[in-house]
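Peer 1: A single structure is presented below for examination.
What follows is calculated from the coordinates using simple rules that are stated; it is not laboratory data. This is a predicted model, so every value here is computed, not measured. Virtual Cβ from ideal backbone geometry, glycine too; neighbours counted across all protein chains shown.
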Amino acid sequence: MGEAGATDRRGFLKAVGAGIGGLVIGGLAGYLGGQTTVQPETITRTVTTTVGGAAQTVTKTVTVGDTARPTPTTPIKLGSQNFFTGPGALLGLPSAYGTRMGVKEINDAGGIMGRQIELLERDEGPSDATLREFRKLVLEDKIDYYIGLISSGNTPTVGPEAEEQKILTLFVDGCTDILFERAVPNPFYIFRITNIQSSDAITAAVGTMKLLVERGLIPENPKITGIHPDYAYGRLIHDFYNTAMKKMLPDAEILDQQFPGLFKVTDFSAQITSMLQQNADLAVVSLWGGDYVNWYKQAIGFGLFDKMKVVTTLTFGGSPQAVGKDHPDGHVGGVHANYWFTNPDWELWPVNGEFVKKFSEMWNEYPSFEAEGAYVGMQMLKDTIEIAAQEVGGYPEDEEVVPVMERYSTYGPAGYIQVRKQNHQCYKNAVIGVTGESPEYDFEVMSEVLVLPIEKVSAPAEYPTSKSWLDSWPEGYKP
Amino acid sequence: MLIYIIFALNALLFASVLFLITAGLNIVYGVMRIINLAHGNLYALGAYVTAWVLLTIGYSAFPGPLLYIVPPLIGAAVVGLGGLIMEPTLLRPMYKRIEEFQLLVTFGVLLVLEDLFLLLFGPYPLSVREPYSFLGVTKIGDLSYPNYNFLVIALGFIIAFVLWFFLYRTKFGTILRATSLDREMAAAMGVNVKALFTVSFIIGSMIAGLAGGFIVAKDTAVLGMGIEALVLAFVVMVIGGLGSLKGAFIGALIVGVVRQIGTAFFPEIELAVLWLIAAIVLTIKPQGLFGR
């Protein structure tokens, strides 16, 4: 799956095959003689490195010498946390499904260097509980690697702990810019797969421009209200989205916006009425999971969708089936700027078609962006461990996997994805679209998908923060 | 100006829901002197069962107004059955023990129910849309207000009236109030206190289940909803007074209005305003506005 992993695959499989054979023989010898070893094999392989965030590659040949280290005979313990319960499960379960599917495929194909993956799943919850479970995974269960997390409230808490515990960690989501700007400004062990949150907000703003303003559906000086969950994610979306809109449309008027607690409110009547009171042209909504389902259901009753256009970051954040056909058409719905299952086109991009087919057969639902991210994360883990193994001549330490991961890029179901070395953040083209119906599906879909090049909606590496990049936009700039 | 009518209706809506949750909690406390921490999840159970009935059997099985009566009543009945099992088996052995035991047992039930919901109904929120949308909206100027919300508001007032009538205009209500004042004396007068406690608990539970059954068409049945409801019910109880039906009614109205004003004018500190009022009442009148 990985670009680097795809190169010289035959030679690589040969090496893995030899490794597995060695494992069996070595395991038997170890059982009889008390020590497990794998005979090293000298091979050469080509490693492709992506440079500077562009689609520019450097190729070098690595020779694996006779300093090989033995592959452990024990299974790989992979810790994972997602929301399995509550309103967050709408996003958490698809992430778990993507992880499990990735694990199953890897195990069915012989594991990572012959090691089967043992998945240890724990619930994600409030920050303190999530951190507690993470520590238990590390200290009691002795996990080797970690993948998961949905909430932006949790990655800035777990991130520093993962660094301290030296656990190679892949965050599927928890996209807040705060993670790599403040909580862990110099990451080593942690990486994040989802597009960064500032890209999410800017994608929503650019989507507003292209799908609503440029089509004359809202004025060029729109009055903008909004509702956001009251924590890192909601506050940052509010800040970045409105800053971007003011840059693009200096005459836009940003009205007071609502901040209900995440998953603490089920009756949004008061908030919806306050939004109606403002006579806005546009409402920006970053509620997600069960909160969004409750909000939109009640907003329909109050006629909010008839009074103004709505742009969201996470209408389609959960399983696609979660949003019913009662959802109003013709508004802008987000997928966290990541992935919508019908895009890229299945025929033009069979990697996606195959992924959707396999996923829906396994789980009886279509994949969300969390599912795609987790699945790609598993491939990323496998590819980078195996490439590092080739480079160091044996099963690699985390410290040896990290440099490989830092230059990793691949083509997943969503398309091209790459890691930026400076902040350990993955980048892929951003997606947003128009809500609508399709005769093929009995739920609301993206009837029109807008794909934005990620470099248009994310800060270049030379900017210290995403906000500093956004602030540098000249007035009237439209990405 | 018309928007303020919507604000007022929202306040009544929220107050109605809060009253329905708190009334049951207050009846149980008033008669049995038990703070039932599982009460929020009895409300959630009503919501889950109602949603499950609607999603499994289908809307068409309940023609006309039956759609708005039968499923919530099934939800309430299941919760009542739960109360019938819970009171004699889990609560009765706790009456003579210190209050901490009662709190621990009811908190345990809350946790067990939360896991039971997960086991039976799965982790995703159960969302039913049709009963809410079928009723349409009322136009207030150029604004809309969902007719289903009127139904919930009406339910709150109807239940308040029925409870008042039941407690103050029937013989059983008189016995109930007498028992809540002096348990030993009531027993000495020949009142079957055990049976009375069971019936009181069932009534309190069923009101919570009924509230959940009606709310689920407007919101969703979701894990954790009972805990949120319980927290707000405690705010109402603190303001209105423990064990007081009138306190539940007035407390719910205060919380409903304050939350509406807070959301409209101080959205940043909406929840803090509620806690502030509760703190003020606790400071000035620790037993609540109508508590004994």
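Peer 1: Put +1 on the Cβ of every Lys and Arg and -1 on every Asp and Glu Cβ in the stretch B:18-223; which of B:VAL222, B:PHE121, B:LEU42 then has its Cα farthest towards the positive end of the dipole?
Peer 2: So the residue we want is B:LEU42.
Peer 1: Moving to a separate point now. Can you give me the angle between helix B:39-57 and the longest principal axis of chain B, using Cα atoms only, in degrees from 0 to 90, rounded to the nearest 10?
Peer 2: 50
Peer 1: When the Kirkwood hydrodynamic radius is evaluated over all pairs of different C-alpha atoms of the stretch B:18-223, what value in angstrom, to one decimal, is obtained?
Peer 2: 18.0
Peer 1: Let's test the formula: R0 of 56 Å, r as the Cβ-Cβ distance of B:ILE284 and B:LEU90. What FRET efficiency results, to the nearest 0.05?
Peer 2: 0.95
Peer 1: Follow-up. Note down the magnitude of the dipole of the protein assembly as shown about its Cα centre, charges +1 on Lys and Arg C-beta and -1 on Asp and Glu C-beta and zero elsewhere, to the nearest 20 debye.
Peer 2: Roughly 2180 debye for the protein assembly as shown.
Peer 1: Please give the charge dipole size of the stretch B:159-292, origin at the Cα centre, charges +1 on K and R Cβ atoms and -1 on D and E Cβ atoms. Round to the nearest 20 debye.
Peer 2: Approximately 540 debye in magnitude.
Peer 1: What nm value, rounded to one decimal, do you get for the distance between A:GLN116 and A:PHE188 when each label is placed 7 Å out toward the C-beta?
Peer 2: Result for the modelled spin labels: 3.4 nm.
Peer 1: Next up: Using the alpha-carbon atoms, what tilt in degrees (0 to 90, nearest 10) does helix A:232-248 show relative to the longest principal axis of chain A?
Peer 2: For A:232-248 against chain A, the angle is about 60 degrees.
Peer 1: Additional query: Name all residues of the stretch B:29-46 having a backbone nitrogen under 13 Å from the label point set 7 Å from the Cα of B:LEU120 along its Cα→Cβ direction, giving them as ranges.
Peer 2: In the stretch B:29-46, the label zone of B:LEU120 (backbone N under 13 Å from the point 7 Å along Cα→Cβ) covers B:41-46.
Peer 1: Could I ask something else about it? Once you have the Cα-Cα distance between A:ASP326 and A:ARG215, take 0.36 nm times their residue separation minus that, and quote the gain in nm to one decimal.
Peer 2: Taking A:ASP326 through A:ARG215 to full extension adds about 37.5 nm, to one decimal.
Peer 1: Here's another thing I want to ask about it. Treating only the Cβ atoms of Lys and Arg (+1) and Asp and Glu (-1) as charged, compute the dipole magnitude of the stretch B:18-223 about its Cα centre; round to the nearest 20 debye.
Peer 2: So the magnitude is around 520 debye.
Peer 1: Sequence gap at least 6, Cα distance under 8 Å: using those rules, report the relative contact order of the stretch B:18-223 to the nearest whole percent.
Peer 2: Relative contact order here is 46 percent.
Peer 1: Okay, next question. Which angle between 0 and 90 degrees, to the nearest 10, do you get for helix A:155-165 versus the longest principal axis of chain A when only C-alpha atoms count?
Peer 2: On a 0 to 90 degree scale, this one is about 20.
Peer 1: On to the next question. Which cross-chain or sequence-distant (5 or more) residues have an amide H under 5 Å from the amide H of B:VAL137, H modelled 1.01 Å from N in plane?
Peer 2: Excluding prolines and chain starts, which carry no amide H, the hits are B:ASN147.
Peer 1: If we restrict to alpha carbons, what Rg and Dmax does the stretch A:197-291 come to, in Å?
Peer 2: 13.0, 37
Peer 1: By per-residue mean of other Cβ atoms within 10 Å, what is the highest-first order of B:258-264, B:187-193?
Peer 2: Output ranking for B:258-264, B:187-193: B:258-264, B:187-193.
Peer 1: Mean residue ellipticity at 222 nm from the helices of chain A, using -39,500 (n - 2.57) per DSSP H segment of n ≥ 4 over the full residue count, to the nearest 500 deg cm²/dmol?
Peer 2: Result for chain A: -12000 deg cm²/dmol, rounded to the nearest 500.
Peer 1: Bin width 20 Å, origin at 0, all Cα-Cα pairs of the protein assembly as shown: what percent of pairs per bin?
Peer 2: Taking every Cα pair in the protein assembly as shown, the percentages come to 16, 44, 29, 10, 1.
Peer 1: Now, a different point. Quick one: among B:PRO63, B:PRO71, B:PRO131, which has the greatest mean-square fluctuation in a GNM of chain B with alpha-carbon springs under 10 angstrom?
Peer 2: Of B:PRO63, B:PRO71, B:PRO131, the Gaussian network model singles out B:PRO63 as fluctuating most.
Peer 1: If a/c stays under 1.5 just call it rounded; otherwise compare a/b with b/c (prolate if a/b is bigger, oblate if not). Do that for the stretch B:21-84, with a ≥ b ≥ c from the square roots of the Cα gyration tensor eigenvalues.
Peer 2: prolate
Peer 1: Of B:SER60, B:SER127, B:SER244, which is the most mobile in a GNM of chain B whose springs link Cα atoms less than 10 angstrom apart?
Peer 2: Largest GNM mean-square fluctuation: B:SER60.
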